[in-house]
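We did not get these values from a lab; they are worked out from the coordinates using the rules stated. Just so we're clear, the structure is a prediction, and the values are computed from it rather than from any experiment. A quick note on method: Cβ atoms are made from the backbone with ideal geometry, for glycine too, and the neighbour counts reach across all protein chains shown.
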Amino acid sequence: MTFDYNASAELIMPKRKGGARQPLGYRRFATAKENIRFAVEDFPAMCTLGAWMRVGDERFNNDDIHRLYESSDYPRRRRMRTS
């Protein structure tokens with residue numbers, strides 16, 4: 001599968017407060033590569049929140065986002081992880 005990292009993307013994050021259903025959080029990115037970087041590097045807790053990314057008509061869950069980030073095709077430099 002070929003993935004277009006330059007396509008625009010949306011990040012949808014469910015908001016959970018007090019157990020009641022709340023509206024979804026939403027963030028739009030100019031490119032999927034920026035969305036993926038944000039999700040993995042700046043907002044790693046998204047995996048516990050059930051966040052997902054939409055690129056065009058396709059939907060990507062947390063595992064998909066991490067797989068795209070770890071792909072050799074990912075076009076951005078990654079942050080150095082410290083142990």
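Stretching the chain fully between H66 and Y26 yields a gain of 12.5 nm (0.36 nm per residue, less the alpha carbon separation).
Remark: spin-label model distance A7-D73 equals 1.0 nm, labels positioned 7 Å along the Cα→Cβ axis.
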